[in-house]
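First up is the structure itself, then whatever we jot down about it.
The values are calculated or read from the model by the stated rules, or taken from the named source; none is laboratory data. All values derive from a computational prediction rather than experimental measurement. Cβ placement follows ideal geometry from the backbone for every residue including glycine, while neighbour counts extend to all protein chains displayed.
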Amino acid sequence: MRFGMISEACVSKGMPYSVRYQEVIKEAIFAEEMGLEFFGSSEQHFIPSGYTISAPEVLYGAIAALTSTIKLRHMSVVALKFNHPIRIAERLATLDIISRGRVEFGTARSNNIQYLNTFGVDPTTTRKEWRETLEATLRALMESPFEFHGDHYDFEPVDVVPKLYRHQCPPVFVSASSHQTHHNAGLLGIGAMTFDNWFGWEYVEECVTEYRKGLKKAQPIGGLYEINPVSSLLTFPAHCGVSKEQAISESRTTVLGLFNGVGKLYLEMARGEAAAGGSGYSYLHRMEDLDEHKNDIEYMIDKSPTLIIGDPDQCIERCKQLEKMGIDEVILKIDGYGHEVNLRSIEMFGKYVIPEFNHPQAIPDNDWESLGVEMERFQL
């Protein structure tokens, strides 16, 4: 199992953006040091403090210059018409050069009605628009000269520069929370980054099943990229502490803020699309069923695998359950706890959780404990 990290640069009350952005860069550098394999952010707009990274490719440039091995994954570019595919391709290639081939390309169609309304996107057509934007971007990256004639984009041959650092296309992913998007991801042979919307273990299993069904018939667009059969789970959030009690106490405010904020956004998305005559986001109405538990963090931890919160043993157990379900990698959202606690959580995952999956044979029994000396566990 692989582990990576996502940060949305959640800004603490009373803090300026400038301070938090510098902290995020330091957290990404430390994530590399602690053995996480990739780092990224989603593209967000119009949310003042909880999700503040609207230009992630700029932030990645700073991180690329200060790291050497950690992959830089967009999680994700909103692949709709307000992000022109040629501009996406140019930025990806530039970052691939700066990072010497460490770019991974994650895409999304957005679950925020405010984005769509502000940028003039019809919420009933986002799946088709995402699919066309994805294809146009990939062709811009891999074909020279490149032309495209579709429903949303139409242009004659151009030579898009710069070219990728690597000769092959970066790994391609999509952020997925519906059964349909998971199935479509499989059909296209791209990775699926699952967010279960707190709908629970059974829902995640259903999503993985749909993804694997699609993969059996995978056909990469135009043969432009290798099949990327990776099933990821996005945690929302993750926090590893010395004890479960400490982890819950330190993450409570963030968990409740995320749940209540995202719940509001998703219900607005479902209702807004329904008002426009669509049904592609109708599954988000299920958020209403969770409303009575919106302040019960213990209930949410038990119900949904998307919350990985506890001591290392509990985090390991949860990740092993996910591995049995077919999840290949876990994306740790470590954000919103304050910089020092964020760093400590990254360190706890790096020292005690990730080695259990990557290097279990290198974890020794403790000599002193074998002599009858009581040992505290999980000390930094």
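From Thr209, Thr133, Thr118, Thr137, grab the single residue that is surrounded by fewer than 21 Cβ atoms within 10 Å (Cβ to Cβ), among the hydroxyl-bearing types (Ser, Thr, Tyr) and over 25 Å from Leu258 (Cβ atoms).
Thr209
What are the residues in region 155-191 that are of a type in the set (Ser, Thr, Tyr), under 18 Å from Thr94 (Cβ atoms) and touching a Phe, Trp or Tyr at 6+ places or on another chain (Cβ under 6 Å), if any?
none
Looking at Val242, Val230, which one is surrounded by fewer than 23 Cβ atoms within 10 Å (Cβ to Cβ) and farther than 28 Å from Gly189 by Cα?
Val242
Pairs only if they're at least six apart or on different chains, beta carbon under 8 angstrom, first in region 1-28 and farther than 21 Å from Gly261 by Cβ, second among the acidic types (Asp, Glu) and part of a strand (DSSP E or B); list them, first residue then second.
So the pair list comes out as Met1/Glu329; Arg2/Glu329; Phe3/Glu329; Gly4/Glu329.
Those residues that are of a type in the set (Lys, Arg) and in contact with an Asp or Glu (Cβ under 9 Å, 6 or more places away or on another chain), I need them from region 216-264; list them, please.
The one that is of a type in the set (Lys, Arg) and in contact with an Asp or Glu (Cβ under 9 Å, 6 or more places away or on another chain): Lys244.
Looking only at helices (runs of 4 or more DSSP H) that fall completely inside region 238-354, which ones have 3 or more residues that are modelled with pLDDT under 95 and not aliphatic (A, V, I, L, M)?
Working: elements: 244-275, 297-303, 312-324, 339-348.
Where helices (runs of 4 or more DSSP H) fall fully within region 238-354 and carry at least 3 residues being modelled with pLDDT under 95 and not aliphatic (A, V, I, L, M), they are 244-275, 297-303.
Is it the case that Asn111 is within 16 Å of Tyr281 (Cβ to Cβ) and either aromatic (Phe, Trp, Tyr) or in contact with a strand residue (DSSP E or B) (Cβ under 9 Å, 6 or more places away or on another chain) (or both)?
yes
Tell me which residues, restricted to region 190-210, are among the hydrophobic types (A, V, I, L, M, F, W, C), without any contact (Cβ under 8 Å) to a residue 60 or more places away in the chain and under 15 Å from Tyr283 (Cα atoms).
The answer is Cys207, and nothing else.
Six or more apart or on different chains, Cβ atoms under 9 Å: show the pairs whose first residue is in region 157-179 and closer than 30 Å to Met287 by Cβ and free of Cβ contacts under 8 Å to residues at least 40 places away in the same chain and whose second is of a type in the set (A, V, I, L, M, F, W, C) and surrounded by 13 or more Cβ atoms within 10 Å (Cβ to Cβ).
Ala176/Ala108; Ala176/Ala185; Ala176/Ala192; Ala176/Met193; Ala176/Phe195; Ala176/Cys207
Within region 355-378, how many residues are under 30 Å from Ala9 (Cα atoms) and outside any helix (DSSP H, G or I)? Even if it seems obvious, please write down each step before you answer.
Initially, region 355-378 is screened for residues under 30 Å from Ala9 (Cα atoms), giving 355-358, 378.
Among the residues that remain, those that are also outside any helix (DSSP H, G or I) are: 378.
Qualifying residue count, region 355-378: 1.
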